[in-house]
Structure formats: structure tokens, C-alpha cells
Amino acid sequence: MASYTLEGSTGTWEIVCGLEVHAQVISKSKLFSGASAEYGAEPNSQVSFVDAAFPGMLPVINRECVAQAVRTGLGLGAAINLWSRFDRKNYFYADLPQGYQISQFAHPIVGKGVVEVTLSDGSTKEIGVTRLHLEQDAGKSLHDQDPTKSFIDLNRSGVALMEIVSEPDIRSPEEAGAYLTKLRQILRYLGTCDGNMDEGSMRADVNVSVRKAGEEFRTRCEVKNVNSIRFVMQAVEAEAKRQIEVWESGGEVRQETRLFDPSRMETRSMRSKEDAHDYRYFPDPDLLPLVLEPDWVSRLKASLPELPDAKTTRFVSEYGLSAYDARILVMEQATADFYETVARGRDAKMAANWMMGDFFAALNRTGRSIEDSPVSAANLSGLLDLIADKTINGRIAKEVFEAMVETGEAPAAIVEAKGLRQVTDTGAIDDAVEAVLAANADKVAQYKGGQEKLFGFFVGQVMKAMAGKGNPALVNEALKAKIG
Amino acid sequence: MSLDPAAVRRIASLARLRVTDAQVAQIQGELNGILGWIDQLNEVDVTGVEPLTGGALMAMRMREDVVTDGAQAEAVLSNAPDRDGPFYTVPKVVE
Amino acid sequence: MFDFTLSEARDALRARKISARELTAAYNRAIASLNSQINAYITETPELALAQADAADAALAKGEHGPLTGIPLAIKDLFCTKGVRTTAGSKILSPFIPPYESTVTANLLRDGAVFLGKANLDEFAMGSSNMTSAYGAVTNPWTRRGDNRPLVPGGSSGGSAAAVAARMALGATATDTGGSIRQPAAFCGITGIKPTYGRCSRWGVVAFASSLDQAGPIARNVEDCAILLGSMSGFDPKDSTSADMPVPDFASACKRSVKGLRIGVPREYRMEGMAPEVETLWQQGLAWLREQGATIVDVSLPHTKYGLATYYIVAPAEASSNLARYDGVRFGARTEGGHDLTELYENTRADGFGAEVQRRIMIGTYVLSAGYYDAYYLKAQKVRALILRDFTEVFRDVDALVTPATPTAAFGQGEKMDDPVTMYLNDIFTVPVNMAGLPGLALPTGLDASGLPMGLQVIGKPFDEETVFAVSAALERAAGFTTLPTLRAGA
Ligand SMILES: [Mg+2]
Ligand SMILES: [Zn+2]
């Protein structure tokens, strides 16, 4: 792919970007306490004394959160560290009750991995994953409820996060978007994070610097907590442009934490994070080293689902799809499963065409997701079967499908109720053919005079006369027999 | 290693402890006394020694993923020096 | 009534010779009359205690009793007690009412104990004199012969030790991070054990230094300590550092013979300038054990002298982080009037914490800060590993170690206050035991020239408190220490 660059007044600049993604682990309870991790509860109603850091309260780790981190590491093709450790990251903030975040600094649970992304021109690129570690989420500060006070809700305090740190391998907003999209897809496949960026289940800290070709890295800035893929792409570009301007006006980019303002398409310095941080990391003395049994990791590995890349490859070889079609059908696990239910034992390409055509269009139009699709996989399969066994023809199938979208009913029932069964009775077809030929004697003469393309006109008239239900092959046959 | 007044202020600020100008000199003296005494550890040869992190020499037990706690907003808020309905409060924070 | 040991009171209660109400009422009266002089309790709960005593009597009447039914105890004010103010000796927790009960105190309540109140302590357990409590100093019930000047009870569990010594409780809970059970027990002429790290749950105990903190009992004698420890200990899934091990019958271990045991005498505990009477006391103790059939072995713990300096890196580092939660937002005292969040924190913490606590927070913050971590904290962890290695090697050859408990007897209130390091030297014999997570018991075996109690320390292998109790009981039998302090109930 042609490399992405930005033109400044002093020359051409390259973006260097790495992402730190915070992904909320799917679990029932929190990382170190038994309070619920569910989203959206009443303020402070899912808070244990551990989460609120009451005196004498102690953390006890949740096995499922550890398993989720291991699954994710395995899904990213990363090394699992059988020995890891939790450290305290010390800083004061209103929504950080302990005065420290329990995180993994020196010894993360997952080491190096890789994410392969496909770009719009069809090329692929590998983005390195430096590490993945487990840590606690903070609570939530509400700044707009009172003129003089900020309100603190600790429901999220202690919820398990995976921080997934990429290498500074990203070189364009598109690559940043593609990396996040792919990472999100893998997490959703694994069932380790729901990837719901609206609810904050996935947030990215975007590290950006710029340089001229062949240069060493320059100072980077961290744009914190960007909460949509589109915003990440915009933030990369906005921050890169800002830095180019700073450099080109003779200034120096200062290492700092910034916020992205999507309404202005710009980043600004974060006041509350201004002072130089000294987190005083040290091993959390309330916890012991996290030692994983190799057997346990093997069992988790054996139970992993098929991941998007493997599924894409299989769809190409097993169902004869193009790589492009396969990637689309594999985007979401639910879509891929839906597709396989329909495709298995049927015309796989026809199944793909139906899904990517009428089916996706119908979902779009009705604003439904595949999970609550009005047309079930069984019903779409049924429709394909009715086409295959010639109960209905392709044109009628479209009509039946629209009725399925509207009513959610099974195709066979719709065909029966509406009398849409295809006519294969040759007597009836012959009658219709004769009637059409008799009514269009002039056209028959023209046809016989050499205007062969009129054959299509006759087919159309016969089908019309039969309300679309004629078997197209039989209609063709009967017409050929009559007018040669 | 010995602390100057600026270092004392930096540490106090990191620890979120207000110190007055008058206190800085005294604290500086005390801390330097302790740190000077601690410097005796420089005598110890620790080459090749693995650091001992915790008091317990075991691996960590893991608990099952079950909701066993929470749903006690009143208890959690009952000791708050200042609260507003179901929230803790702090002076307004500007990000 | 006040001459009862815990085990004797327990037997008298079971035999219905006395009622729990009578016993508790007597202790309530003792507290009412003595606490103004001794200040062993920060919070007294006489009514609660009587209610618990009545419940104990009801249980005893039905012939149902736990190991401690009706036994009145003092609870160090570091253990969170549900519905009863818990201050940790600090102003910053002065309004704090825990909505939960610590595991250790819950275990004691399960076994039928009666809680008389919350015992004074050095603020956040940081101190060796009880002079750092925001609720005032505790006065040692003992005085020097012919000298009425008040002495410190030791610390940090000074209130617990003074309460037991002055017979304002039959026993007490305490905690020990660097000697906070053993040093005050020695200063007050009574007995206290810090069990193996992981033996007692830390859940619900206000944390000082998590990798060192251990709860344990202070009581009138070795057997009483064994009975209390049996109730206090046990695996707790709420504490990740709690040991999943069965609790042995500690009380019966007190009856074991020491015949054939190998007792180590670490030569590095013979400090330069140590008072000759400490040496005499030590030699006497070893002679008693030899007489009872133990073999005395000279051993070496070469890193002993670095224990204290290591401790004064590790403990403040952990404390600086553990005490970050005291910020005036969710519980405790808050200083209003700041303009922003940072001022709220700085004012609340500067007003709420005393000088020693602030000093340790700053030391801890410094040794963890960027550029100094390796030189201080990491180095200390490595020396800590060497201290543990010393003990591990010695315990290949011996069953227990016997050392002095403290370098001196109790000192006067206000003494050793000018220089923090002088105060820190109090814990020189006890700190290495915490660094290595081992069990250690201090008991009185004699008096110094001025008539103050002096104690020995018995150190055991990890989770071998039974041998510690056996050796301690043997020393106790031989010493026959019966002297009582000047200030005491029933005197
Ligand atoms: Mg970050
Ligand atoms: Zn993070």
C-alpha cells in the first residue's frame, strides 16, 4: 500500500502511532471483589467495601478474569506468561479509591503477539502487540451535576480491564482504525470483551508522534480515552497535524497527556494530568504471584473458538467464496454462524449472495441486528430449499423473502398461504404459451423473420400470464417447442 | 543520598501532604537522618539475590466468578463526610 | 476475680462458679477506675460487653459453649468492629464506624468472647512507645522501683499490653508488623505471640505494611496465648495471603516436653553495648532449657544487623501506598475549605495524620519514587531475601531460637523522642522475624535492676507455633514469673 504521509511547509511527515486499548473483561464479578461488573446500575449500587477501599479490605482475584486474559493472549497468538505479578500504580484521583490502581507493570500475564489487518486496497499489515495485562478500572466522576462539586460513582471501580498495548507500528489513521476493528473483532469472537465502545467497554489511548522519513522517533503525546474507532482515526490525524505545526513553527512538542474533542476535531492538553507522574510502582503486597498451570492454559487453548482469520480461510476453501466475501461474512461471529447454518448442504455461493444481498439489506432497513433478525437462519435455509426443489422460482423467492421479513413466518407457510407455488404442470404452461402466441401473432411473425431477441418478450408475457409462478425452464421449453 | 528542600516538597506533594515552609527544614533533617542510617545497607552484597516481595511464599489462589457482594449503597456511603444522594462528592474537578 | 488467668476463668465459667455477667461487670469496673490513669482504651463498650456476657451466660446455661464463651477481651483499635468506632489511633479515622467485622474478631465472637472496648495503639500501628496515638499516650502499669515517673508500655499494641497487665482485660488482640506484639508484651511483663505470616487473616485489620502485618494475642501467660491464637487463626478466603492450613491444638502444645529439642542461640543478637542484665537473663533462659533436656546450639544469622534498616524501607513503602485511601472522600475525617481536589487531599491528610505517620509516608514515597526504587526498595527486598535465607539455613539444624525480646526494659514517656532512629532501635530483635514471616513469642522471665520486667523471645519455623509454645511454656515454668505491676485491678 502506498505509504500515508502529511505534507508540511518544511516537507513530508510520517505518523508514528501506537495504541493502548483498555478492554473491559466479560465477567460476572469484578477483578478483585465479588461485586457485580454489570453495566448501567444505580450509582454506587455495585460497590463492595473492597472497591471503595475501606480500611482493612483485601483483594482476591477472579479466576474467570485471568482465564479471559489468557484466552485473549492465545487469540492474539501471544506468549502466555505462566508467572506474572500485580503491582500498584500509585496516584491520587477522586475516582481511584485506593489511591493506587492494581495493575501489572513489570510482569504482565501476556507477552508479545500480533494482529494482522487488511487495508482498503486489499493489502495486509502486521501490527505488533507488545503486551496484555490485567488491571482494575477506576470509578466514574460526574462533573456536570453540580456547580461546585464533582460526584463520584464507584460502580466501575474494580471492574477487570485488559490493557492491550501495541507496538508503534501504526502509520496512518486507516491503519489505526483497521487495527482497532480487527482487535475488537477478535475479542468479540473470543467472548472476552463485548467491544461496546458506547458503554466504554473499549477505550483507546492513542500515542502519536511525527517524523520525517528515516528519522528516529520524536516526542510523543498520549491522547487519552478515545471512545470510538472513528474518533481514534480522527484523533491520530488531528494530533499529527498539530505536532507538525508545532515543529514547523520552530517549537518543540512537549510529552503530555491530551484529550480529543470531536466537535472541534482537535486535541487539547489535560489540565488534571499536568503534573509529571511518578507512579511509584511496586509489587502489591496484598497479592501473591499469579502462577498458571500449563495444563490449565492448554485446556483454555483447546476450547478457543475458530478465529476470524482461520474462518475466512476456511470459508474460501470450504464454500468457494472470494476472500472479500468471506471477510464480510466473518466480520461478526453471529453472521458467520448464520451463514454456515444456511450454507451447509446447500448452494454455498447462493447462500452468500442471499445473505450479502437481500438479507443484509433487510437488516439495514429494519435496523435489526442479526441476533434479532426477523428472518431466522432456518427460515432462510427453508427459502433456499424451496428454490432448489423448484417449489418456487427465483423471482417469487424475493417476494416470499419480503413477506418473511415482514411477518417472520416460515417460507413454506407463506408460499402456501399466498399460493405462490411454482407451476410445473406442462398442460397449464402450454395453455398460457398458446394464449400469448395467439394474442401476439404480429410479434410471432417478426420473431420468425429473424428478430430472435423477442423470445425474452414471450417468456415475460407467459410469466405475467401465470402471475410469475411458471417454472422458467419449462416455460422456455414450451416456447421453444412452439416457435422453434 | 540526601534530600534538599525542593525534594522534600516534591515528596510531600506526591504523598498529598500539605507542608508549611517552617516544616520543610525540620522534615528535611529527620528524613535525612533516617536515610543516612538506612545507607548502611550499601555494605550488603546482594549480587545474584532474587528480591523477596511478599510475606507469604505461595502462589495465588483464585476465587470463582460469582457475584457475592455489592448491592449495599447505603452501607458504602454511610461513612462519607459529604455526600449527595447516592454519590460521594469532591470539589469540582476540571479535566 | 482478677487473679484468674484466661483458662481459669474459662473453667470457672463452665463450672458455673462465676457468671459471664459478673466477670464482665468486674472488668468494666476495672476499666472505669483505671483507664483515666492508664489510657489503655480509646473506646469503651461496657453495655455491649454486658449484652455479650448475657448471651454467653445463656449459652453456658444450656451447656453450649465455645472455646471463649464469656471471656472479656480488649480489641486493638486496628481491628474493624462492626458498628463500633475504629480509629487506628488516628485522628483521620476518628468518625469511622465500620460496617463490617474483621475476620479475627468475628472468629473470637463466634467462639463466645466478650469485647470490652477498643485498645489504644500507636497511630496506624507506627511506633514502639504508644506515644504516637492521637488519643493520648498509654501509661505502663509498671513503674521503676522508687520512681513514679510514667513509663511507656511499648508499641504499637501498647493499649492491649497495658490492659492485660493492669487486669483491665483477660486477654487482648494485637498486631505485629515489626515487634508490635512482642515488645509491648515484654515491656508490660506479659506474654504475646506473633504467629507465622498467613496464620491469622488480615481481612478487616487496618493495614500498615501488608507483607509484614500479622495479628496475634497478648495474654497473661503462654497457655492463654495459645487458647486465643487457636480462636483467632484459620484460613480466610478473603485474604489472598492467608494460609490454607489446619489450626493445630496450640494449647496442648504448651504441655509438650522440650527434651531433645535443639535450641539455637544467634550470636548476632549479642549486640555491642547490650546491658549486662539482658545477657544474664538470656543465659538463665538457656540454662533452664538445658536443664529440661534441650540442646543449646550456637548459630549465626549474619544479616541480623540489617533487619531494621531493611524494615524502615519496606514498611514505610507499603504504608505510603496503604494509607493513600485516607483522603476524606468515602470515610473518616475531612478538612473542608480547600479550593480543589488536591487541596482537599493535602489539608485532610496533613490535619488527619500525626507527625510519625507523615514521616513514614514521606520516607515510603521517597524510596519508591522514580530514580530511587532500585537503590532503596529493590535493595531492601534483596536484603530481606538474605534475612530469610539466614533463618532457613539455621532452621535446618535447630527447632527454635531463643533471643532477648528487647534491648532494654520499658523507658520513660518522652524519652527517645528526639531522634526517630533511636526509637526505631527498640525493634532490633523483633524485626527480622517479621521480615522472614516467622512465629515469635515474647514472655517475661525476670526483672531488671530497677524492678521492671524483661522478656525473652522464642522464634520458630514457619507454621510451627507448636514448638514455640512448647519452648515458651518450658521457660515460663522455670522462670516462675509472678511479679505484678503497681497499677492493676484488684490491687
Ligand atoms: Mg495509557
Ligand atoms: Zn491501563
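Every condition in (1) crowded, with 20+ Cβ neighbours inside 10 Å; (2) within 28 Å of C:Asp340 (Cα to Cα); (3) out of contact with any Asp or Glu (no Cβ under 9 Å at 6 or more places or on another chain) holds for A:Pro147 except the one numbered (1).
The strands (runs of 3 or more DSSP E) found wholly in the stretch A:63-147 and carrying at least 3 residues that are within 16 Å of ligand 1 (Cβ to nearest atom) and in contact with a helix residue (DSSP H, G or I) (Cβ under 9 Å, 6 or more places away or on another chain) occupy A:124-136.
Examine the stretch A:7-15 for a residue that is surrounded by fewer than 24 Cβ atoms within 10 Å (Cβ to Cβ), within 16 Å of ligand 2 (Cβ to nearest atom) and away from chain B (no Cβ under 14 Å), and state whether such a residue exists. There is no residue in the stretch A:7-15 that is surrounded by fewer than 24 Cβ atoms within 10 Å (Cβ to Cβ), within 16 Å of ligand 2 (Cβ to nearest atom) and away from chain B (no Cβ under 14 Å). Taking the conditions exactly as written (part of a strand (DSSP E or B), farther than 27 Å from C:Ser321 by Cβ, of a type in the set (Asp, Glu) and more than 16 Å from ligand 1 (Cβ to nearest atom)), does A:Glu174 satisfy them or not? Criteria not met by A:Glu174. Checked against (1) of a type outside the set (Gly, Ala, Ser); (2) surrounded by 15 or more Cβ atoms within 10 Å (Cβ to Cβ); (3) within 16 Å of the chain's Cα centre (by Cα), A:Glu306 meets all criteria but (2).
One line per residue, one yes/no per condition, for (1) among the acidic types (Asp, Glu); (2) more than 10 Å from every other protein chain (Cβ to nearest Cβ); (3) buried (at least 24 other Cβ atoms within 10 Å of the Cβ):
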| site | (1), (2), (3) |
| --- | --- |
| A:Glu64 | yes, no, no |
| A:Ala69 | no, yes, yes |
| A:Gly73 | no, yes, yes |
| A:Asn81 | no, yes, no |
| A:Arg88 | no, no, yes |
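Among the residues of the stretch C:153-163, those identified as under 12 Å from the mean Cα position of the chain (by Cα) and outside any loop (DSSP other than H, G, I, E, B) are C:Gly158, C:Gly159, C:Ser160, C:Ala161, C:Ala162.
Looking only at residues in the stretch A:150-167 that are more than 16 Å from ligand 2 (Cβ to nearest atom) and buried (at least 19 other Cβ atoms within 10 Å of the Cβ), which one is farthest from B:Ala80 (Cα to Cα)? The residue in question is A:Asn155. State yes or no: is A:Arg184 away from ligand 1 (no atom under 16 Å from the Cβ), in a helix (DSSP H, G or I) and surrounded by fewer than 20 Cβ atoms within 10 Å (Cβ to Cβ)? No: the conditions fail for A:Arg184. Contact map, the stretch A:181-205: residues that are on the phi < 0 side of the Ramachandran plot paired with residues that are among the charged types (D, E, K, R) and within 16 Å of ligand 2 (Cβ to nearest atom), Cβ distance under 6 Å, separation 6+ or inter-chain. Pairs shown: A:Asp205/A:Glu20; A:Asp205/A:Glu222; A:Asp205/A:Lys224.
Of all residues in the stretch C:335-349, which are surrounded by fewer than 24 Cβ atoms within 10 Å (Cβ to Cβ) and either more than 8 Å from every other protein chain (Cβ to nearest Cβ) or closer than 18 Å to C:Phe96 by Cα (or both)? Correct list: C:Thr335, C:Glu336, C:Gly337. The set of residues in the stretch A:194-228 being under 26 Å from A:Ile26 (Cβ atoms), away from ligand 2 (no atom under 16 Å from the Cβ) and touching a Gly at 6+ places or on another chain (Cβ under 9 Å) consists of A:Glu199 alone.
In this entry, C:Ala319 passes the filter for residues that are modelled with pLDDT of 95 or more and either surrounded by fewer than 24 Cβ atoms within 10 Å (Cβ to Cβ) or part of a helix (DSSP H, G or I) (or both).
Test A:Gly56 against the criterion of being more than 9 Å from chain B (Cβ to nearest Cβ) and at pLDDT below 95, and give yes or no. Judged against the criteria, A:Gly56 is not a match.
Residues being closer than 20 Å to A:Leu96 by Cβ and away from chain A (no Cβ under 11 Å): count how many of those fall in the stretch C:299-327.
Residues in the stretch C:299-327 being closer than 20 Å to A:Leu96 by Cβ and away from chain A (no Cβ under 11 Å): 0 in total.
Restricting B:Leu17, B:Leu35 to residues that are crowded, with 17+ Cβ neighbours inside 10 Å, in a helix (DSSP H, G or I) and either at pLDDT 95 or above or more than 7 Å from every other protein chain (Cβ to nearest Cβ) (or both) narrows the list to B:Leu35.
Note on the stretch A:16-31: among residues that are facing chain B (nearest Cβ under 9 Å) and surrounded by 24 or more Cβ atoms within 10 Å (Cβ to Cβ), the one that is nearest to ligand 1 (Cβ to nearest atom) is A:Lys30. Do we have any residue at all in the stretch B:50-59 that's crowded, with 18+ Cβ neighbours inside 10 Å and touching a strand residue (DSSP E or B) at 6+ places or on another chain (Cβ under 6 Å)? Yes: the stretch B:50-59 contains one or more residues that are crowded, with 18+ Cβ neighbours inside 10 Å and touching a strand residue (DSSP E or B) at 6+ places or on another chain (Cβ under 6 Å). Residues of the stretch C:17-64 that are in a loop (DSSP other than H, G, I, E, B), in contact (Cβ under 8 Å) with a residue 24 or more places away in the chain and touching an Asp or Glu at 6+ places or on another chain (Cβ under 9 Å): C:Ser19 alone. How many residues are surrounded by 23 or more Cβ atoms within 10 Å (Cβ to Cβ) and more than 26 Å from the chain's Cα centre (by Cα) when one looks only at the stretch A:35-55? Here the count works out to 12. The numbered conditions (1) touching a Pro at 6+ places or on another chain (Cβ under 7 Å); (2) facing another protein chain (nearest Cβ under 7 Å) are all true for B:Val24 except (2). A:Tyr93 falls short on exactly one of the conditions (1) more than 14 Å from chain C (Cβ to nearest Cβ); (2) within 14 Å of ligand 2 (Cβ to nearest atom), and that condition is (1). Annotation: A:Leu74 fulfils all but one of (1) more than 15 Å from ligand 2 (Cβ to nearest atom); (2) farther than 28 Å from A:Gly177 by Cβ; the unmet one is (2). Helices (runs of 4 or more DSSP H) fully within the stretch A:404-477 that include at least 2 residues being more than 30 Å from A:Ser376 (Cα to Cα) and hydrophobic (A, V, I, L, M, F, W, C): A:426-439, A:441-448, A:454-465.
Does C:Ala409 count as away from every other protein chain (no Cβ under 13 Å), among the small types (Gly, Ala, Ser) and farther than 20 Å from B:Leu3 by Cα? The answer is yes for C:Ala409.
The values are calculated or read from the model by the stated rules, or taken from the named source; none is laboratory data. Here the structure is a predicted model, which is why all the values come from computation and not from measurement. Note that we place each Cβ from the backbone using ideal geometry, even for glycine, and neighbour counts take in every protein chain shown.
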